[in-house]
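Inspection log for the structure reproduced underneath, given as structure tokens.
The values are calculated or read from the model by the stated rules, or taken from the named source; none is laboratory data. Note that this is a predicted model, so its numbers are computed, not measured. In this analysis, Cβ positions are derived from the backbone assuming ideal geometry, glycine residues included, and neighbour counts consider all displayed protein chains. The accessibility values were calculated without ligands, DNA or RNA, using every heavy atom of the protein model including side chains. Shrake-Rupley method; radii C 1.70, N 1.55, O 1.52, S 1.80 Å.
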Amino acid sequence: MKNIIITGASRGIGFEMAKLFANEGHQVLALSRNATPILSLQHKNIHAFSFNICNTEDLKKMTAYIAKEWSQVDILINNAGKLLSKPFAELSTQDFEEVYKVNVFGVAEITRLVLPFMKSGGHVVTISSMGGIQGSMKFPGLAAYSSSKGAVITLSELLAEEYKESGIAFNVLALGAVQTEMLEEAFPGYQAPLSAIEMATYIKEFSLTGNKYYNGKVLQVSSSTP
């Protein structure tokens, strides 16, 4: 059984993943700003507390928990994300900073803090978006969000190279449309071909086995546009 950290676990794909892993017997640290939904499950294999990926004290709380309860992390799933849909002409520097703090800087910092607890065979999976893929179809209003998702793709490729002797794999899943609250915010009324539980099931399996086949790779997980 694995020790697994999932960020953005209060709703959507992250919430469903936490349940799937825990039901299989894995130990899950489910991190999100709103811990109420995941705590309400009262699952013996899920530990959760309110967590802001941009907050230094919350990050310290996470590392203290790992050191005391686990000592080793097998899988880190960087699933938390911040979406902002706003015309470029109206975007401020602060808007960009707020998106990048979660989607790029937060991902980089939590990965940096978790890596000392990982060993050969570990897997860091970062959830990106098709909007972050060079050459993919782009949509108005998503300049901050999609560019941040492109940044974490490059970050993961760099980490795979830097840590290639460690046996830890770094991969990215660039997701297309999944029926979640975030999709509704970006594309109101659009009906996605995949549900949150379907995508969560795919990511779960990839997290457990994908590091055997891939490292430093970006897989496009999309059957539709958007």
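For the reader, a short list of remarks on this structure follows.
- Estimated FRET transfer efficiency (Trp70, Thr36; beta-carbon r; R0 41 Å; 0.05): 0.95
- All other residues whose Cβ lies under 12 angstrom from that of His26 are scored, Lys and Arg at +1 and Asp and Glu at -1, for a net of +2.
- Difference of contour (0.36 nm per residue) and Cα-Cα distance, Glu205 to Glu90: 37.4 nm
- Å² of accessible area per residue within the stretch 168-226, as computed with a 1.4 Å probe and no ligands counted: 47 Å²
- Across the accessible surface of the stretch 51-171, with the other protein chains kept in place and a 1.4 Å probe, carbon and sulfur atoms take up 53 percent.
- Of all complete DSSP H helices in the chain, those with a Cα span along the helix axis of 18 Å or greater and a mean Kyte-Doolittle hydropathy of 0.0 or more are 143-162, 196-209.
- Cross-link partners of Lys164 among lysines, defined as those whose alpha carbon lies under 16 angstrom from its own and excluding same-chain residues fewer than eight positions apart: Lys119, Lys212, Lys217.
- Most mobile of Ile66, Ile77, Ile13 in a GNM of the chain (Cα contacts under 10 Å): Ile66
- Nearby lysines by direct alpha-carbon distance to Lys86 (threshold 21 angstrom, same-chain neighbours under 8 apart not counted): Lys101, Lys138, Lys149
- Cα-based shape type of the stretch 13-86, given that a ≥ b ≥ c are square roots of the gyration tensor eigenvalues and the cut on a/c is 1.5: oblate
- Between the labelled values (1) -0.64, -0.98, -1.11, -1.16; (2) -0.46, -1.00, -1.23, -1.35; (3) -0.41, -0.97, -1.28, -1.44, the entry that holds log10 I(q)/I(0) by the Debye sum over Cα atoms at q = 0.10, 0.15, 0.17, 0.18 Å⁻¹ as derived from this structure is (3).
- Beta bridge orientation in the chain: antiparallel %, DSSP, nearest 5: 0 percent
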